[in-house]
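The values are calculated or read from the model by the stated rules, or taken from the named source; none is laboratory data. On a predicted model such as this, the values are computed, not experimentally measured, just so you know. Here Cβ is always computed from backbone atoms with ideal geometry, including for glycine, and neighbour counts include all displayed protein chains.
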Amino acid sequence: MNLPRKFIQTVISVHGKTGERWLDELDDLITYCKQKWHFELLPVKKLSFNFVAPVVFENSSKAILKLGLPGKEFQSEIAALTVYQGNGFCKLLGAESEKGIMLLECIEPGAYLNTIRDDHVKATVTANLIKSMITLNPLPSYPFQTAGDLYNDLLSLHGRFGNTAISEYLFKNAVSAYQAIGSDPQQQRLLHGDLHQENILSAQDGAWKAIDPKGIISETGCELIPFLINDLEGKDIAATINKRIEIFSDLLNIKKERIIQWGIFRSVLSAYWQMEDNMPINDKDLIICEMFYGLNQ
């Protein structure tokens with residue numbers, strides 16, 4: 001199969017030799033899936049970190065085949081979708097975690113949430129999705145990542161990369177912000193973990209469904225940051241994020257200051273993740289970190 005060069009480069013950049021071997025074996029894995037589920041592969045539309053393609057079965061119904069490198073992140077997504085059971089999320093139709101295989105509901109028409117221009121409408125859709133999942137409790141048998149794990153990841157990545165691209169004061173402010181948030185056991189729920197606007201798709205009857213959950217146990221404020229820091233091209237970053245914070249604060253009854261603290265923490269962590277994946281940190285990433293820092297002053 002002819003794969004996009006950018007996709008190949010991304011897989012190898014993130015996973016190294018393991019990624020190269022996975023790419024070499026991808027055709028065999030697709031053949032295995034075809035034989036197991038008896039479908040035909042439709043043209044691939046867009047690839048980022050995983051191989052994702054629509055498929056059609058013999059009865060003309062459709063699904064989405066998702067293939068990725070087996071590991072904790074892939075297992076966590078399967079476990080999260082098992083908990084959600086299609087409640088505001090795409091349904092998990094089948095999976096083999098040890099092989100890095102998921103068969104998912106095909107959400108149609110499947111337009112991204114960012115095709116809507118009105119930020120208030122988009123935030124309302126997202127807030128309603130969050131409200132639908134905050135009552136869900138995690139699988140007791142699966143060790144989902146927690147906000148504490150994210151904090152430990154920040155410390156580890158700082159130890160690894162230092163302040164080569166991220167100013168020391170931004171790192172220290174991220175640490176202080178997380179410590180100021182604290183942890184209320186009554187507010188801990190299984191969250192999506194990466195609920196940005198291209199992970200929310202239009203379904204039938206005007207509904208919206210989320211895809212690609214990371215599965216993180218934390219409070220609702222932690223869930224908001226991927227939405228806040230995405231889809232900012234051509235916009236006044238500070239004004240747009242500040243307005244989004246105000247909307248979510250009102251819709252979800254969360255103090256604005258608490259959302260800002262999560263923003264300080266997760267925006268810096270996101271920048272370190274870019275470095276970990278061998279992706280360049282661009283000016284926008286640092287501007288976002290600086291913006292949250294400024295909001296906290």
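Of all the numbered requirements in (1) touching a strand residue (DSSP E or B) at 6+ places or on another chain (Cβ under 9 Å); (2) assigned by TED's automatic domain parsing to the domain that holds Phe227, Ala95 misses one, and that requirement is (2).
Answer yes if at least one residue in the stretch 272-284 is touching a His at 6+ places or on another chain (Cβ under 9 Å) and in the same structural domain as Ile225 (by TED's automatic domain parsing), and no otherwise. Yes, some residue in the stretch 272-284 is touching a His at 6+ places or on another chain (Cβ under 9 Å) and in the same structural domain as Ile225 (by TED's automatic domain parsing). A search for C-beta distances below 8 Å between a residue of the stretch 238-259 that is over 17 Å from Ala177 (Cβ atoms) and outside the structural domain of Leu228 (by TED's automatic domain parsing) and any residue that is of a type outside the set (Phe, Trp, Tyr) and not in a helix (DSSP H, G or I), counting only pairs 6+ apart in sequence or on different chains, returns nothing. Just one of (1) surrounded by fewer than 23 Cβ atoms within 10 Å (Cβ to Cβ); (2) part of a helix (DSSP H, G or I); (3) without any contact (Cβ under 8 Å) to a residue 40 or more places away in the chain fails for Lys235. It is (2).
How many residues are closer than 15 Å to Ile211 by Cβ and without any contact (Cβ under 8 Å) to a residue 60 or more places away in the chain when one looks only at the stretch 68-85? Of the residues in the stretch 68-85, 5 are closer than 15 Å to Ile211 by Cβ and without any contact (Cβ under 8 Å) to a residue 60 or more places away in the chain. Being outside any helix (DSSP H, G or I), surrounded by 18 or more Cβ atoms within 10 Å (Cβ to Cβ) and not acidic (Asp, Glu) is a property that holds for Ala63.
The single condition among (1) among the charged types (D, E, K, R); (2) touching a residue at least 24 places away in the same chain (Cβ under 8 Å); (3) in a helix (DSSP H, G or I) that Asp205 does not satisfy is (2). Each residue in the stretch 66-85 was checked for being surrounded by 19 or more Cβ atoms within 10 Å (Cβ to Cβ) and of a type in the set (D, E, K, R), and 2 pass. Considering (1) under 18 Å from Leu155 (Cα atoms); (2) within 14 Å of the chain's Cα centre (by Cα), the lone condition that Leu170 does not fulfil carries the number (2).
Being among the basic types (Lys, Arg), surrounded by fewer than 16 Cβ atoms within 10 Å (Cβ to Cβ) and either under 17 Å from the mean Cα position of the chain (by Cα) or not in a loop (DSSP other than H, G, I, E, B) (or both) holds for only one residue in Lys34, Lys45, and it is Lys34.
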